[in-house]
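Data first, discussion second: the structure below is written as structure tokens.
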Amino acid sequence: MKNLVLVISLSLLTASCLKKIDGVDNLTTNIYDKEYTGPCWFYISDTYAYFNNVGAPRVMIKAVLPEENVPSLQPYMIQITCKVNDQQEVVFNSFINTAGDYTFFYDAAPDPSNEYCLTAGIFLQKEQITINSFTLCTQP
């Protein structure tokens, strides 16, 4: 009898776990939704020119993913792909800070146009894809 109750309980538990939540395919408001339709989820907070430790000119672009644009169950780290103009794309591990925001940086080579367009997207490591990319342009 105990075994029968256990088998029935496990069957019900397994069946309930497999039940699809209504509307899950239509989610578009979370930055982790592949069909995200919201506004740009980050902003550029600073851009400045500097010389690195070997004296080469560089441009640093600092961007922020604000807490209000992150799902309510905030992860401690978000992976973000970043690219400036035609420079190399990098994956940045952005950790949550004390304000609940995520900050990420791109260290760019100087561009003759003096305009730096940062393209950033949410990187899904499990699928090895970037989703919800946006581009914002700035000048130092």
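The values are calculated or read from the model by the stated rules, or taken from the named source; none is laboratory data. Just so it is clear, the structure is predicted and the values come from calculations on it, not from any experiment. Note that we place each Cβ from the backbone using ideal geometry, even for glycine, and neighbour counts take in every protein chain shown.
Residue count for the range 108-125 satisfying the condition of being within 24 Å of Ile31 (Cβ to Cβ) and either surrounded by 15 or more Cβ atoms within 10 Å (Cβ to Cβ) or modelled with pLDDT of 95 or more (or both): 10. Look at Ala108 and say whether it is touching a residue at least 24 places away in the same chain (Cβ under 8 Å) and over 12 Å from the mean Cα position of the chain (by Cα). Taking the combined requirement at face value, the residue satisfies it. Looking at this structure, is Gln88 of a type outside the set (Ser, Thr, Tyr), without any contact (Cβ under 8 Å) to a residue 60 or more places away in the chain and within 15 Å of Ser133 (Cα to Cα)? Spelling it out, it is not the case that Gln88 is of a type outside the set (Ser, Thr, Tyr), without any contact (Cβ under 8 Å) to a residue 60 or more places away in the chain and within 15 Å of Ser133 (Cα to Cα). Arg58 meets all of the listed conditions (1) at pLDDT 95 or above; (2) charged (D, E, K, R); (3) out of contact with any strand residue (DSSP E or B) (no Cβ under 7 Å at 6 or more places or on another chain) but one, namely (3). Note on the range 82-91: residues that are surrounded by fewer than 19 Cβ atoms within 10 Å (Cβ to Cβ) and under 18 Å from the mean Cα position of the chain (by Cα) total 4.
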